Amino acid sequence: MFALSVVGHPSPLSFSHRMAERAARTLRGMGVDVIEHDLYAEGFEPVRGGDVLVARHQAELAATDLLLVFHPNWWSMPPAMLKGWVDRTFVPEVAYRDAPIGQPPIGLLKARALVFNTADTPPEREREIFGDPLQRIWEVGVFGFCGISTVARRMYSPVTSSTPEQRALWLDEVEALVTTVTA
């Protein structure tokens with residue numbers, strides 16, 4: 001099994017990074033090959049034309065069995081860096097193939113996906129007031145379009161006021177979900 005882990009948070013001290021580290025450690029402990037990308041640290045260019053780094057990300061995306069995405073919820077969306085990564089890697093002939101006019105695209109990705117995001121909006125408010133837009137973005141707008149039908153997403157919030165004990169429980173949940181999805 002091959003897993004691709006992508007972090008879209010500018011601070012290396014973020015809880016998004018802690019979740020990604022725990023997930024990667026868990027997967028490696030299970031014998032899974034994991035490639036980790038911290039988009040900000042590696043200087044991923046979210047808006048320009050093709051380059052070697054983008055080509056590498058595209059090849060890894062096409063080959064992955066398990067895609068893990070970690071990011072904060074900013075204005076009910078992923079950060080622009082992560083949106084740019086999607087724009088540049090989920091491209092025709094990598095993630096999907098165009099179909100005849102009037103037909104849905106043909107999804108080419110066969111991975112399972114896990115999305116972990118942080119927020120400061122309480123979960124009930126996110127669902128009741130905003131309708132949980134991140135679930136729709138990832139499950140339908142990105143992954144469903146590209147053939148990924150197994151998607152699990154968890155939001156941890158409010159993260160800035162969480163206690164060390166709460167964060168430890170959340171990390172245990174990340175580990176459990178990663179373990180379950182690879183079984």
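The values are calculated or read from the model by the stated rules, or taken from the named source; none is laboratory data. Because the structure is predicted, anything quoted here is derived from the model rather than measured. All Cβ positions, glycine included, derive from the backbone under ideal geometry; neighbour counts span all protein chains shown.
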key: Search result, residues across the range 25-71 that are touching a Gly at 6+ places or on another chain (Cβ under 9 Å) and in contact (Cβ under 8 Å) with a residue 60 or more places away in the chain   = Val69, Phe70, His71
key: Hits in the range 102-124 (condition: farther than 21 Å from Ser157 by Cα and among the hydrophobic types (A, V, I, L, M, F, W, C))   = Ile106, Leu108, Leu109, Ala111
message = Please verify whether Ala119 is touching a Ser or Thr at 6+ places or on another chain (Cβ under 9 Å), within 21 Å of Leu4 (Cα to Cα) and surrounded by 15 or more Cβ atoms within 10 Å (Cβ to Cβ), treating the condition exactly as stated.
response = no
ask   = Where in the range 1-116 are there strands (runs of 3 or more DSSP E), lying fully within it, with 1 or more residues that are of a type in the set (Val, Ile, Thr) and over 20 Å from Leu134 (Cα atoms)?
value = 33-38
ask   = Considering Arg97, Arg88, Arg154, which residue is among the basic types (Lys, Arg), touching a residue at least 24 places away in the same chain (Cβ under 8 Å) and in contact with a Gly (Cβ under 9 Å, 6 or more places away or on another chain)?
value = Arg88
ask   = Hey, among the residues in the range 65-113 that are of a type in the set (S, T, N, Q) and surrounded by 14 or more Cβ atoms within 10 Å (Cβ to Cβ), which one's farthest from Val54 (Cα to Cα)?
value = Ser76
query = Does Glu60 meet the test of being modelled with pLDDT under 95, surrounded by 12 or more Cβ atoms within 10 Å (Cβ to Cβ) and charged (D, E, K, R)?
reply = no
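Residue-by-condition table, conditions (1) acidic (Asp, Glu); (2) outside any loop (DSSP other than H, G, I, E, B); (3) in contact with a helix residue (DSSP H, G or I) (Cβ under 7 Å, 6 or more places away or on another chain):
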| site | (1), (2), (3) |
| --- | --- |
| Arg136 | no, yes, no |
| Ile148 | no, no, no |
| Ala152 | no, yes, yes |
| Thr179 | no, yes, yes |
inquiry  = Please determine whether any residue of the range 167-182 is surrounded by 13 or more Cβ atoms within 10 Å (Cβ to Cβ), of a type in the set (Gly, Ala, Ser) and under 22 Å from Ala23 (Cβ atoms).
reply    = no
query = Taking the range 1-23 as the search range and keeping residues that are out of contact with any Lys or Arg (no Cβ under 9 Å at 6 or more places or on another chain) and either more than 25 Å from Ala183 (Cβ to Cβ) or without any contact (Cβ under 8 Å) to a residue 40 or more places away in the chain (or both), which one is surrounded by the most Cβ atoms within 10 Å (Cβ to Cβ)?
reply = His9
